[in-house]
Every structure is written in C-alpha cells, then in structure tokens.
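> Below you will find the structure I want to go over with you.
The values are calculated or read from the model by the stated rules, or taken from the named source; none is laboratory data. This structure is a prediction, so every number in the text was calculated from the model and none was measured. FYI the Cβ positions are ideal-geometry reconstructions off the backbone, even for glycines, and counts take in every protein chain you see.
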Amino acid sequence: MDPFSGESELVNVITAFYTHAYQTVLSFDTSSLSSTNKPVAQNFKYRAQIALGQNREVVSALSKSRDATSRSLVALAKNDVSEALNLAESSDSEDATVQICAGTVLGANGEYAKAVELLSKHQGSLEAVALLTQLHLVNNRTDLALKEVQAAKRWAQDSLLINMAEAWANLRVGGQEKYQSAYYVYEELASAPGNQSPTALVGQAVAELHLGRTEEAEAALNQALESEKPDIQAIANSIVLQYVTGKGNGEKTKELKGLLTQRDSEHQLLADLVEKESLFDTAATKYSAKAAS
Amino acid sequence: MASSPSMLTKFESKSSRAKGIAFHPKRPWILVSLHSSTIQLWDYRMGTLIDRFEEHDGPVRGIDFHPTQPLFVSGGDDYKIKVWSYQTRRCLFTLNGHLDYVRTVFFHHELPWILSASDDQTIRIWNWQNRSLICTMTGHNHYAMCAQFHPKEDLIVSASLDQSVRVWDISGLRKKHSAPTSMTFEDQMARANQQQADMFGNTDAVVKFVLEGHDRGVNWVSFHPTLPLIVSAGDDRLIKLWRMSETKAWEVDTCRGHFQNASACLFHPHQDLILSVGEDKTVRVWDLNKRTSVQSFKRENDRFWVVAAHPEINLFAAGHDNGVMVFKLERERPASSLYQNTLFYITKDKHVRSYDFTKNAESPSLLSLRKFGNSWVPPRTLSYNPAERAILVTSPVDSGTYELITLPKDAGGAADPTDMKKGSGTSAVFVARNRFAVFSTSTQNIEIKDLSNSMTKSFKAPTGTTDVVFGGTGCLLCLTPSNVVLYDIQQKKQLAELSVTGVKYVSWSNDGMYAALLSKHNVTIVNKQLEQVSTLHETIRIKSATWDDSGVLLYSTLNHIKYTLLNGDNGIVRTLDQTMYLVKVKARSVYCLDRAAKPRVLTIDPTEYRFKLALVKRNYDEMLQIIKTSSLVGQSIISYLQKKGYPEIALQFVQDPQTRFELAIECGNLEVATEMAKQIDKPKIWTRLGSEALVHGNHQIVEMTYQKLRNFDKLSFLYLCTGDEEKLTRMAKIAEHRGDFVSRFQNALYLGDVESRIQMFKEIDLYPLAYLTAKSHGMTEECETILEMTGLTEDQISMPDVGTGLNIPSAIAPTHKANWPTKEAAHSSFEKALLGEVGGPVDETEPNLLEEDMPVVAAQDKNGLAAEDEEEAAEGWDMGDDIGLEAAGNDSDFVNVDNADVPADSTGPGSSEADLWSRNSPLAADHVASGSFETAMQLLNRQVGAVNFAPLKPRFLEVYQASRTFLTASAGVPAIINYVRRNIDETDSRKVLPLIPRDLESLTTIDLQEGYTAMRTNKLENGVTTFKEILHSLLVNVVSSQSQVDDAKALITKAMEYTLAMSIELERRSLSTSGGEDSLKRQLELSAYFTVPKLDVSHRQLALMAAMRLAFTNKQFSSALSFANRVLANGGAAKLVDQAKKTKTQAERSGSTDAIDIEYDQFADFDICAASFTPIYSGSQSVSCPFDGAKYQTQYKGQVCRMCEVCEIGAAASGLRLWVQGL
C-alpha cells in the first residue's frame, strides 16, 4: 500500500515529518499501526531523531542491524558519503528508505548527479519526488524540478508532499500567480488543525515576501519567532526581511544575527555573508584615488 | 412529477377546519375563518394568536382584510356578512340580505364595496360605508361558490356549482355610484331611469362571458393580477385556465393532477405559476406557460379547502381540516459567498454576479445558471474558490445536485458556462484550494473531489448529518439536528463535537478563528476547535450573521440587526423593515442581500459595540476616542458599565451628582465623591463619604465630613488619633463654648490637660472629683484651694487609692499634617489615559526647540548673543517656533549626469537566478544583489568614478542580503534559496530583476525626513551621517521611470548640499573660541558660508539666524545686517522676523560696518569648496565630484570626494545609471 495516500494511518507522521515537527513524530504512538506500517513509522522516527541532532542515539540503536535500511539510516546519521555511495551502487538501491537516506547524504554533500541517479530509481515514492525536486532546485535546475513535480502530480495530486514540492518550485519560478499558489499551500498547511510547526508559517512568510507583502510576511515571521526555540529559517528570513524593508542596519538585525549564530553558526546566510565580505574587501582594493587627500 | 422535498412552512396552526384565509397587506397577520364559527387573527411571524372573533352562528367561510382601513369582513352560514374593526376588536355592523350560506366575501380594492357569493345563487355588492346593498347579480342557477373583483378593471368573476364560470361587467354600477357632482339634470334623469331599469334586469352588472368547460361544480375562480387570464378549480378535479379579450373568452388549457375535488386556486402574484389545493390533501404548483406540474405537497390527513397569496411577499397560506399553514414556494435566501472584498451571489434570474465592496459596485453578470437545476428552484448555496476562481453551486433539485464552474476572467455578460462539471449531492463546499467536499443525505457519504470532479476519497458522515459546511482548512462542520461535528478530512476523524440543536447556517469570522452557528432561534459562537464561546437566544427567527473585522458578530433577525461580542454581550444595532441577509460589515456600513438578491448597503452606528469591545479588550485609548467623538446613550451604557464592574469608566459619562457620587464611592474615587458630596450636601451623603474615607484612611476627608456633620466627639477622637493637638485644643474650646461638659471632659482627657479638667469639675460643683484629679496628679496647691473652697480639711476626706496620673502619650508622627499613604484609588488605565489626555498636550515628536518659549529679547540679553552658547549642540537653535517641516525639494538644482550607455558587462555563465540578474541588467545595484561585487564596482567606477568602496560596504551587503530567502524543505538537505524580485509579475527569466531595498520613495519619506529633523534639532553629526547614507543608498539603487531618475538626482544634490552645509557648521564649531582673531575670523567666515548651500528655506533661515547672531555679537554689523535682510526676505515665523528686525535696526544704528574683514562677499555668486570650505567664485576654475556634484578647488582633483566619500573628484565618468528603459 502506498503509505502516502490519504487512506494511510501514517498521514499524521508524514505531515509532521515534512512540516519539521520532529517532536510530534517522535511522540507518535505506533502501537496501533498495522504490521506493514510499523517499521515505516519507526524509520520516520529515526530520521526525526537525526534531524533533531540525536545522531548518536540512532547509530547506537541501529549498530547491530545489518539490513540495508538500517545501514542507510546509519549513513544518514553519520553523514557517511562513501557508505551512501556503496548503498547507491548496491542492489539495495531499490529500497525507498535507502534511496531517501542515501540520496539525502549525497545531495547534502554535493554529489548532485549521484543523488539524482539514485533517487530516479524510485517507484512511486513521493518522498523521492520531493527530494529530487529539492535537489534540482538547490542546483538551479528549475526545469527538471518542474518536470518532476508535473509527473508526480499526475498520479498523486492529493499528497501534501507533492503540494509542497510544487510550492518550492513555484517559489523559484516566480510570477505573481506562482507565488500566490505557493502561498496558498503554506497557508493551508498553517491553518490545518493541530499544526504547530513553524515551517508552514515560514513558508507563508517567504511566499509573501516574494509577493512584496512585507507587512504580512513580518507578521507571520514574528509569530514563528515567538516560539521558545524559534525556527532557524524563521530567524534567517527575518533578517532578510529586515534588509528588504530597509531596516537592515538596525538593532533588530544584529539581534537576529546573534540569535542565528547561536542556533546555527554555519547557516548559509552567515557563511555567505562572510564570503561576500571578503569578496568585497578584495574587490575594493583594486580601486584607489589618484591622489591622497 | 417533480415533488419538492419539503415545503418551506413558516407557520402552522391547529384548529378546526379552516374555510377562509386572508393576509394582511402590511402586517404579518392572517385571518382564518373556521368551520367552528370562530375567526382567528394570527401573527404568523411570531406564531401567536392575536385575537378571536366569535359572533357568527355556524361556519364562517368568507373572510377578507380591507386593503387600507383597519377593517375586515366575514360571511357565514348564518347568511350574515359582518364588518369588523380589528382595532376596537368588535363587529361594526352586519349586512343582512342573503338567503342562504355566504361562501366568499371580498373588499373592492378602492371603492367602498363588498362582494359576496351565496348559496342563494346570487352575487351581491354592498356599500359598507352606507351599509346598503347596491347590486344583486342573478344568473347562476346553483350555489354561487366564489366571486372576486378584478384587481384593476370593472369586472367580476364568479364560480358556481352550476358548472359555469361567469364574468360580469360592473362599469355601469361604478358610473352610477361615482360622484354625482357635475351631473346635468338630463343625466340625473337618465340615471334615475337606469335605476328604474335595475328593477327588471341588469344594466349595472351584466354578464359579459359565461365560461363552460367544467364537468362538475366550480368551487373557486381567480383573475390574474395583470394578464387577461382566469383560473378555476372544480369538483371535476381539474384546474382550468381561461383567457379573455374585449369581446370573448375561451378555455386555454387544463391542469390535471388532483385526484379529488379541487377546492381553490390562484395565480402567483409575481411568477408565472398557478397554485391549487384540493380535497386530495395536496397543494400543487403549476407552470402557467406549460401547464405542467412544478411541485406538489401532500399532507397526510388533511383535506385542503382554501388557498391565499400574500399580495406582496412570497408567502402563501392554505386552510385544511385541522388548521392553516403559511408557506413559501422557494427559498429566498440568495446563494452567496464572500471572499475578501468581493461578494459572489446568484440573482433571482439565476445569474452569478459579484459585488466589490471597495468600489461599492455591482458587476455585470459573470455567468448564467439558467440551465442549472429546475427553472423554479433557485440554487441553494454557492461556494467560491479564490485560487482557481471557481464556484460550486448546489441546488435541491433531483434530491440535490451541484455544479463546479470556473468563472470567466472578464465579466463578458450573461454567458452560459462553458466548462462545468456536475454531480449529485445535497451539499458541496470547497475545503481546500483544489478540493471540495460533496455530501449526500441519502447515502450519508462525504466525498472529497478534486477540481476535475474525480473522487479522491470518501467516507461516512457522522450519523444524522443533514448538511456540511466549511470548517476551516481541511475540515468540515457536519450539521446534524442535535449536534455539530468538526471533522478532519485528512485524518478522517472527528476532532470535536458540540451539542447544539438545529444549526442551519455557519458564519466564519474574517480571521477564521471563530464561527457563529445559527439555528432558528439561537446563535452559538464557537472557536475553530469547536469549543463553545458563548450562546444567545432570540425569540424571533435569526436569518443571517456576519463578522466585523474586530471580532464582533452582527446578525439579523426578521426585523433587527443585532450584535454580539464574544463574551455574549449583545444588543440591537438597528431595525429592519424587511428581511436582510448580512454578508459583510465595513466601518459604518453593513452589506446585505435582500430577498430579491439585490445588494444593499445599510448604515449602522457601531459605536455601542465598538465601545463594549474596547472595554472588553481594555483598549482605553479607543474608548476614550469613542467617548470624545460620539454621544453614547447615557443610562444603558452606565448600567452596563456598572454591571460589568467598570464604575470608574461609567463615572466619565455621568453628570447627575447623586449617580456620580455613588459611582465614585464604588470605585473609590474620593476626590470626585467629595466634590459631589459638596454639591449635594446632605448628611446621609456625608456619612457615607466619611465611612468610605475612613476605610481608605484618608483622614482629611474624614475630618471634613465630621465637621460638616458637626460630629464633635468623633472629630476629637480623630484628632487624637492623628495626633493633631492644636485642633484638639480648639475642640476643647469649642466644647467649652458649647457648654458641653462631657465633651470638654473628653477633650481634656485627650489633651492630658489636668487643669482644665479640674476647672470643669469645679464649675459643675463636682469638687470631690476635682480634688481627686488634682491629688492624683500631685497638684497640692490646687488640692488646697479646693479644700478651701469647700471648707473641708484633708482629714475629713476618705480617699480611694489614687494611683498615678494619666499620662498622655505624645504623637510620634505628625499624621495630621498629611494623609497616610492612602489606599490607592483605583485609577484605571482608562482614567489615566483620560487624565493624560487632559493633562499634557505633550507632543513628543516635536523637537524641544519649538517648545522653548523664551522671549527673544530676553534670550538675547541673557546670552548676549554669545558664541559659546551656540556650541552646545544639544540645546537646539532656540529661535522660537514655527520652523515647520516644509515640503521637500523645490529649489534643488539638478546635476546633469548624462546617461551614456555603458556596455553591459558580461559575466561568466551561471545558472542561478542571481546570475541572471547581473546578465539582465546593466545597473550596478542589480549586480550587487546578484552578488557580483566586482562587476558592480566596475560599473560604479565607470559611471561615477567610484574608487573608495569601503563606505559602500554596508550598502552592498544590505542589497545583497535582501535578495535571498531560505526555505526549508526535506530534512538533511540545504535549504532552498529563492531570489526576491522587484518585478513580481515577471516570469520571463531574461527580465527578472532583484528587489533593491530602500528605494527612492523610502529614502525620501524616511531618511530625508530624518536628515531634516537632525538639521532642525541641531544634531548635525547625525545629520551628516544620515545624508551621507542617503548618498550611498542612491549610489547603489534603481528607480522605475525617467521622472524618478530626475527625482533621484535631485535628491543626490540635496543630500550633498546638506552634507556640505552641516560639515561647514561642524567645522566652525570645532574651532576653539579663544583662538584669537584668526580663529574668530574663520568662524565668522564659516558661519557665513553655512548660509550658502542650497538648503530648504526653513533650514536656510536657521543658518542665517546663526550667522546673523554670531556676526552681531562680534560687531560685524554689515554682515549681520545682510543676514538680517536675508532672513526678512525669506519671511516666516513672527519671532524670527522680529528678531531679525531688531538686529537690523541695532546693526544700522551701530553703523553697518564690519569690525573684521572676512572673506565673504555677500553680493558675489560663489560655491563653497567641499574640502577647504573656501569660496569658489563663479568664473574661477573648479573640479567636481562626478556623483554628487560637490565643487572643489582644483588642487583637490584626484582625491576622494569629501561628501560621498566614494568617488574621485574630477574623474572622467559617464554618469550614474539608475534606470534602463525596457527593464
């Protein structure tokens, strides 16, 4: 049975996982699940743990298992590229979880082509589609991402994942209509019952930011920031918003940057900034005034 | 045959057989005449029996209201016709004449006539004013069952058991009875003769047509309200339609369907329909044009005898064996759906229209739904999907159908839908952007379908569900007769259930947080988790509800618009004269659809509920605003406030001292209470105030009340408590004065004044006590005196043990001097807001220099125009007020930077959107946003000779960082980076461009104003920073049109001029004041140069005033005079001008000469070198900054511009590009 169809018992786990509500995933009660779904749910729990940074726990829990799924989860936990490559080239590359885990490792470590090759072997796995879409987008292959989404929509229109993947692509493609449509996806997600994850809010805010609706974006981000442990991307996008609204040189930005450094000192925004600063300094040295004052 | 699922019954009564019915033309009343001889008057809206009239003997068959007068007429089996007044509730008179049962009676629509039909085979016309019979029509040869006037013409139609229908012409009768004023003798004669002729036959009323066709007796006949048509119902079970012309009448068609005697029939007042009732227990509706059955309704046990139509509204009544029922043929609630500022609705002629609330305009028809459902059944609901611009329409036809239609982009008139998908289901509603739910009562299934109308999932609805409505994204509210269930579609799970009976409609608040569940008589407000927030009951039917943006629910009943707050407080907003379906509230306007599906705007006064809402939310500022700007109705709001525990706020509304006093006591506001007590001045009030003040520990007020009440004892005790010895002494004196010995004694005790006590005892001849007192205090002399006075010796007295004298403890704290820290009177924040409002008109935004109200002359004298004072930057310019923030930018010169094309830099190939930006645009800012700093710098270097990029670093990074957003997707993979565009509508990758923050507009409205403020408030260092920032922001920027390019250039020049001016002044201030003549000379020069840059007039005045003052103090009278003249020429604030005038006169008096010769020629035209701050006279050589146009002495060529700090002075440059056509 397709675990992503609306009929599934797992819909809540998947929704929680893909809205990054990992605690919800972990606290999900699997006892009532059918025997086929139980291991699937358990895999999600491992992945949620990894996403929460509890890599060691996962590694120790699975160190004894030798099956491909466990090995792929361990590879994900250890961010082990060579193991991922092994798995990708082994006969186990048909397994959905192996594809996702190994694909994630490869994708995250710049093995774009390998990751795509592996993930393309999927058989009706929405997760694989979503991951592919994302990898294409990260590597600026919007055309391929769109193709992936369009193809998946034909057989799985109702899925949250495909909706989200489409929203990602739409945000990249742009234009009022596409932005708006991405916005709707996140808005729907945000207003879904029981949703506490900031992902939807951040997505909503990003879409609004692209739509030029800065006030609404700010409101959504502030809401996301209110939580005890604010979402990293909420912080990052708040910084962006500060700049967009021309308040980039204010106190708030400094504060947010401090917060971001504290939460994720290697965040793209910060790394990029350091790089650009040095780029600026190098570039600026090429010029000087003819006469000293 | 189509049968309607249920009749829309509005009212039912239980009684014996109803034979006659009449609607009141205006009021919601019906008269019902019963077989039991009673006539009932019902209010069908409220469902109450208003009155009963019982004077007939036997069944009453005919009944009719007078169209205008408070009268009605009835005819019974007692052969009598009675005319009644429903005001006086009695029978006015009886018309006798018929010789058998009277079947029907009707008033004429304008003449004072009554028409009756009787079993005596006659039809008679009576004049009810003179209570006489004026015409008897004979011709039927069996019972005359029914006779009616034509609604307009002088015609009568009658039906009889002789199987015929007759049409009578009564124009003769009208002529005869019309006003006889202008009648000639001949006419009168003729008339008399005519009347004579009456005796024999019919010249007044003649049979015009006899219509034969029924095979049995005819029970009822009616005219069409406008067309020459007649409908009749007979015992042959047929309904026959007849048409007539001037000369003839003929049968048109027959409606077959009744399977028992047809009792009555009529034409629908507005629609092409016929209604008939019969003894087969059915009410049937027929299409007038096709003569086919449209609807039928069957009662289990009751035969129908009569049917009547309301003359105006869509309402009918039918009488049967056990009473009457009032019903509607169709729902009048227009199907509609609101999205943001647009309402979509279906008109009566089945067109979809929209209404734009921002423009208050109705759109032309977007779509025609002519072919949808049954032509006589309007669509029930409409659901709108903004993402797809599609609508879902449901209709009850064929036990429920729906259609999904995409609205055309442009309202191209009443087109039939081209693309539509249909299906069957009772309810259909959008639940998400691309999903809708269809519910069918018969299967109890809910199906979720996508936009191609294919089912994606299906599940059982909660048992007993009758309707489903939107329940928040991804959820449905399932309505059952006793419950409402919140159902999650995704999880297929009930999330919550609430027991509320009979919910029919649901209205969601604009923010989707709350919903109002409407049932017939209840409104229940729930939150989105379906938890009940409040509920309220109405005795009258609730029709619709809509939410105010602030979270107030407005709902309409049959005759009111009311409001309710979330906490359940409710009230009436306004009355309605007809039913309205509310759709939106915006400020003072309520938008609604009326029964004809026409959008209406009603004006309301939202003050009351806004106020209450503000109160609930403790939004005191708003309350204050409301109090100040509107006149709230007194008493109700006061009692509301009091009830809600806000006496301190109620206090603000009350004028009446008594109430004010009560409220003040209640909220512990003693000041007000005292004030009021003084006004009222009654002992009772003072007593209450006193005890309240005592509780508060406010002894000063207590003292006052005691004084007012002349409560000496308490007063003394109070003084004792507070340690006020002085007043206590005075109390003792008063007591003495009053001759009150007890009081004197008390006071003496309190004071510890032994002498006066002894003195008092002596006065009242209580010598033993006096002696004892003296003795116990060891006052031997006094003892002896007393002994002497009494003529006794010590031995003669037996003394108790005296003990020690009373020792009065002395007061430690001087409590009486001030109140104790009293109980904090409950000054609510509201009161504070109010007091603050009254107290200080402190406008924080205004800089202090405008506040300084120092007389100019005094300031002059004191400061002696001292130069030192000027250096205190923080002090402001102190030149009086009114230096307003005038409109910006009118005297700036343009820097003409020509727009020579720079060849677009080709960068290396890249595939991210950021790379596209730099390829798409030749503008430096776009390159910065794309992260291509090198090319951006190249561009700037070529365009404006930028060489020193360091100051631009923050701007570069600002632009860069505003261009990328981060979107988390799958776990473990880096976030997706997206690129923020300024042309959001653009999808062509060759045209997309980045957003550049701090555009020209924001620089003008925010930064520039900031700079102005810095200038005005004399914060020059900040000002220089601000203006330099403006320069930097403009250097890396884009604009969107040629005119904006000009604006931007004007702003660059302006920023440069201000930077220059401020720099000069700062330079002057940095010079030591004691640096001798050279320094002074330089200072004077700089202060003069300060006036040169092209500042706005108001700011130039500041510079001029400063220069004038400095010059004057230093005896530079000529310069001072020139500055004064310039100030005067500019005009402006009175103080400024006064001061300038004064300076001018003094300077002139002092000889108009300068003590020091400075390099400043007031008559010459010159610029100031931005580096050396020396004049560059016109004609002499200079170089300038290619960006901001600042002028420099030639020796500065090649250096970095002092103003922008970026560009090279005198560099060859093509000019800054901010805009490219076609981008």
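> Please enumerate the residues belonging to the stretch A:251-272 that are within 11 Å of chain B (Cβ to nearest Cβ) and not in a helix (DSSP H, G or I).
Result: A:264, A:266, A:267.
Yes/no matrix, rows are residues, columns are (1) within 13 Å of another protein chain (Cβ to nearest Cβ); (2) within 23 Å of residue A:107 (Cβ to Cβ):
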{"site": "A:11", "(1), (2)": "yes, no"}
{"site": "A:19", "(1), (2)": "yes, yes"}
{"site": "A:30", "(1), (2)": "no, no"}
{"site": "A:39", "(1), (2)": "no, no"}
{"site": "A:53", "(1), (2)": "yes, yes"}
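> Within the group B:556, B:544, B:550, which residue is surrounded by 17 or more Cβ atoms within 10 Å (Cβ to Cβ), away from every other protein chain (no Cβ under 14 Å), touching a residue at least 60 places away in the same chain (Cβ under 8 Å) and in contact with a Cys (Cβ under 8 Å, 6 or more places away or on another chain)?
Within the list B:556, B:544, B:550, the selection yields B:544.
> For the stretch B:274-287, indicate whether the set of residues that are out of contact with any Pro (no Cβ under 6 Å at 6 or more places or on another chain), over 24 Å from residue B:578 (Cα atoms) and not assigned by TED's automatic domain parsing to the domain that holds residue B:23 is non-empty.
Looking through the stretch B:274-287, none of the residues is out of contact with any Pro (no Cβ under 6 Å at 6 or more places or on another chain), over 24 Å from residue B:578 (Cα atoms) and not assigned by TED's automatic domain parsing to the domain that holds residue B:23.
> Looking only at the stretch A:273-291, which residues are at the interface with chain B (Cβ under 7 Å from one of its Cβ atoms) and either more than 20 Å from residue A:254 (Cβ to Cβ) or touching a residue at least 60 places away in the same chain (Cβ under 8 Å) (or both)?
Those that are at the interface with chain B (Cβ under 7 Å from one of its Cβ atoms) and either more than 20 Å from residue A:254 (Cβ to Cβ) or touching a residue at least 60 places away in the same chain (Cβ under 8 Å) (or both): A:279, A:283, A:284, A:287, A:288, A:289, A:290, A:291.
> Please determine whether any residue of the stretch B:1079-1086 is over 60 Å from the mean Cα position of the chain (by Cα) and hydrophobic (A, V, I, L, M, F, W, C).
Yes, that holds for at least one residue.
> When the residues of the stretch B:434-473 are narrowed to those that are among the hydrophobic types (A, V, I, L, M, F, W, C) and assigned to a loop (DSSP other than H, G, I, E, B), which ends up surrounded by the most Cβ atoms within 10 Å (Cβ to Cβ)?
By that ranking, first place goes to B:461.
> Look through the stretch A:108-118, keep the residues that are more than 16 Å from the chain's Cα centre (by Cα) and among the aliphatic types (A, V, I, L, M), and return whichever of them is farthest from residue A:92 (Cα to Cα).
The residue in question is A:113.
> Shifting gears a bit: Hey, does the stretch A:174-181 have a residue that's more than 30 Å from residue B:458 (Cα to Cα), part of a helix (DSSP H, G or I), touching a residue at least 12 places away in the same chain (Cβ under 8 Å) and not aromatic (Phe, Trp, Tyr)?
Yes, some residue in the stretch A:174-181 is more than 30 Å from residue B:458 (Cα to Cα), part of a helix (DSSP H, G or I), touching a residue at least 12 places away in the same chain (Cβ under 8 Å) and not aromatic (Phe, Trp, Tyr).
> Follow-up question, since we're still on this one. Just one of (1) aliphatic (A, V, I, L, M); (2) modelled with pLDDT under 85; (3) under 22 Å from residue B:399 (Cα atoms) trips up residue B:468, so point out which.
Checking residue B:468 against (1) aliphatic (A, V, I, L, M); (2) modelled with pLDDT under 85; (3) under 22 Å from residue B:399 (Cα atoms), the one that fails is (2).
> Let me ask something else. For residues in the stretch B:108-125 being surrounded by fewer than 24 Cβ atoms within 10 Å (Cβ to Cβ) and closer than 17 Å to residue B:65 by Cα, which is farthest from the chain's Cα centre (by Cα)?
So the residue we want is B:113.
> Return the residues of the stretch A:101-124 that are surrounded by fewer than 16 Cβ atoms within 10 Å (Cβ to Cβ), part of a helix (DSSP H, G or I) and not aromatic (Phe, Trp, Tyr); say none if nothing qualifies.
Scanning the stretch A:101-124 gives A:113, A:117.
> For the stretch B:124-142, name all the residues that are in contact (Cβ under 8 Å) with a residue 60 or more places away in the chain and closer than 28 Å to residue B:269 by Cβ.
If the condition is that a residue be in contact (Cβ under 8 Å) with a residue 60 or more places away in the chain and closer than 28 Å to residue B:269 by Cβ, then B:125, B:135, B:137 are the ones that fit.
> Only one residue in B:1027, B:1090 is among the aromatic types (Phe, Trp, Tyr) and within 30 Å of residue B:918 (Cα to Cα). Which one?
Exactly one of B:1027, B:1090 is among the aromatic types (Phe, Trp, Tyr) and within 30 Å of residue B:918 (Cα to Cα), namely B:1027.
> Among B:335, B:317, B:309, which is under 21 Å from residue B:49 (Cβ atoms) and touching a residue at least 24 places away in the same chain (Cβ under 8 Å)?
The match here is B:317.
> Only one of these is at pLDDT 85 or above, in contact with a His (Cβ under 9 Å, 6 or more places away or on another chain), closer than 27 Å to residue B:436 by Cβ and among the hydrophobic types (A, V, I, L, M, F, W, C): A:169, A:128, A:165. Name it.
Criteria check complete, one pass: A:169.
> Also, quick follow-up: Do the conditions hold for residue B:528, that is, is it on the phi > 0 side of the Ramachandran plot and of a type in the set (Lys, Arg)?
Here the answer is no, as residue B:528 does not meet what is asked.
> For the stretch A:89-100, which positions are in contact (Cβ under 8 Å) with a residue 12 or more places away in the chain, closer than 11 Å to residue A:117 by Cβ and surrounded by fewer than 24 Cβ atoms within 10 Å (Cβ to Cβ)?
The one that is in contact (Cβ under 8 Å) with a residue 12 or more places away in the chain, closer than 11 Å to residue A:117 by Cβ and surrounded by fewer than 24 Cβ atoms within 10 Å (Cβ to Cβ): A:93.
> Is it the case, given these coordinates, that residue A:248 is closer than 30 Å to residue B:1026 by Cβ and assigned to a helix (DSSP H, G or I)?
no
> Out of A:200, A:234, I need the residue that is more than 10 Å from every other protein chain (Cβ to nearest Cβ), among the hydrophobic types (A, V, I, L, M, F, W, C) and surrounded by 15 or more Cβ atoms within 10 Å (Cβ to Cβ). Which one?
A:200
> Of the numbered conditions (1) within 9 Å of chain B (Cβ to nearest Cβ); (2) modelled with pLDDT of 80 or more, residue A:157 fails exactly one; give the number of that condition.
Result: residue A:157 fails condition (2) only.
> Just checking, which of A:98, A:40, A:58 is part of a helix (DSSP H, G or I) and in contact with a Pro (Cβ under 6 Å, 6 or more places away or on another chain)?
None of the others qualify; the one that does is A:40.
> Is one or more of the residues making up the stretch B:281-296 within 30 Å of residue B:42 (Cα to Cα) and not in a strand (DSSP E or B)?
yes
> Identify, from the list B:697, B:690, the residue that is farther than 24 Å from residue B:735 by Cα and small (Gly, Ala, Ser).
Exactly one residue qualifies, and that residue is B:697.
> I need the full set of residues from the stretch B:347-385 which are among the β-branched types (Val, Ile, Thr), out of contact with any Leu (no Cβ under 6 Å at 6 or more places or on another chain) and within 20 Å of residue B:419 (Cα to Cα), in order please.
Selection gives B:381 alone.
> What do you reckon, is residue A:245 at the interface with chain B (Cβ under 9 Å from one of its Cβ atoms), surrounded by fewer than 21 Cβ atoms within 10 Å (Cβ to Cβ), under 24 Å from residue A:204 (Cα atoms) and of a type in the set (Ser, Thr, Tyr)?
The answer is yes for residue A:245.
> Scanning the stretch A:203-245 for residues that are part of a helix (DSSP H, G or I) and of a type in the set (Val, Ile, Thr), which turns out farthest from residue B:956 (Cα to Cα)?
Going through the qualifying residues, I end up with A:232.
> Give all pairs with beta carbons closer than 9 Å in which a residue from the stretch A:114-135 that is within 18 Å of residue A:40 (Cα to Cα) meets a residue that is among the aliphatic types (A, V, I, L, M) and in a loop (DSSP other than H, G, I, E, B); count only pairs at least 6 apart in sequence or on separate chains.
Short answer, once both residue conditions are applied: A:124/A:156; A:126/A:156; A:129/A:156; A:130/B:969; A:131/B:969; A:131/B:973.
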